[in-house]
1. Say each of residue 80 and residue 168 gets a label point 7 Å from the Cα, pointing the same way as Cα to Cβ; how far apart are those two points in nm?
2. For residue 2, list the lysines whose Cα falls under 30 Å from its own Cα; do not include residues on the same chain fewer than 8 positions away.
3. Given points 7 Å out from each Cα along the Cα-Cβ axis, report the residue 33 to residue 112 separation in nanometres with one decimal.
4. Treat each spin label as a single point 7 Å out from the Cα along the C-beta direction, and report the residue 138 to residue 158 distance in nm.
5. Among the lysines, which fall within straight-line cross-link reach of residue 138, defined as a Cα-Cα distance under 17 Å, with same-chain neighbours fewer than 8 residues apart omitted?
6. Leaving ligands, DNA and RNA out of it, report the carbon-plus-sulfur percent of the accessible area of the stretch 11-112 at a 1.4 Å probe.
7. With a 1.4 Å probe and every protein chain left in place, work out the accessible area per residue of the stretch 5-94 in Å², rounded to a whole number.
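The values are calculated or read from the model by the stated rules, or taken from the named source; none is laboratory data. These figures come from a predicted structure and were not determined experimentally. So basically every Cβ, Gly included, is an ideal-geometry build from the backbone, and we count neighbours across all protein chains shown. To get the accessible areas, we keep the full protein, side chains included, count just its heavy atoms, and leave off ligands, DNA and RNA. Shrake-Rupley method; radii C 1.70, N 1.55, O 1.52, S 1.80 Å.
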Amino acid sequence: MKPTINDFPYPNIPITLQGQLNKLSDTIGIRRNLLIDAGEKELQAMCYVVLYRHLTQQQRQMAMKTIHSIKKRALIGALIDKTLDTTFVNPQWGVWSLTNDELIQDIASHEQIQYLAGLIGVGASGMSIWELVQKVVKARAVGYKQLATLVIWGFVIWNNKELNKSRNELKNRTQINTSRFY
C-alpha cells in the first residue's frame with residue numbers, strides 16, 4: 001500500500017500533478033527548482049517523506065527504494081535530509097510530519113511556556129529593553145545581567161515562533177488524520 005497525497009489532511013489539494021508537487025514541496029520545504037520535470041514518482045517520494053516516521057520497517061524500505069529511484073540526485077538528497085531530520089534528529093524540524101495528536105501536544109507545550117513567560121513578565125529578566133540598551137551603550141559592553149536578559153528574551157521569542165509554526169500547520173489541516181499510515 002503506497003501513500004498518496006490524498007492521505008494528508010490538507011484542504012484544497014490541487015487536481016493537477018504539478019499543483020500537487022508544488023503543494024507538497026511548499027509544505028515540506030523542498031525548493032521548487034528541484035521539481036522541474038518531476039512526475040508521479042517524485043510525488044510518491046515526497047508522500048513517503050511526510051509519513052516516514054510513522055511507517056513500518058517494510059514500508060520504510062519501500063520509501064527509501066522509491067526515493068532512490070528518482071533521477072535527480074539533488075532532489076534525492078533533499079528528500080533524504082528531510083526524512084532523516086524529522087525521524088532521527090527532531091520531528092519539530094518538520095511539523096508536517098507530526099500526527100494531529102503530536103501537533104496538538106506541541107501547541108499545548110508552547111502555550112504553557114508562553115503563559116508562564118507572561119506571568120513572570122519582563123520583571124523576571126531584570127530590566128526592560130530600553131534599560132538594557134542604555135546600560136550596554138554606557139558600559140560599551142554586555143554584562144552577565146544583560147546577557148541573561150537577552151537569553152530569556154531569545155527563548156521567549158523562539159517559543160513564540162515555534163508556537164506560531166505549529167498553529168499554522170494545524171490551521172492548514174482541515175480534518176483529523178484519517179490516513180491509513182498514522
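1. Simple spin-label model gives 2.9 nm for this pair.
2. List returned: 23, 41, 65, 71, 72, 82, 165, 171.
3. 4.4 nm
4. 3.0 nm
5. Cα-Cα hits under 17 Å: none found.
6. Carbon plus sulfur share of accessible area: 51 percent.
7. It amounts to 52 Å² per residue over the stretch 5-94.
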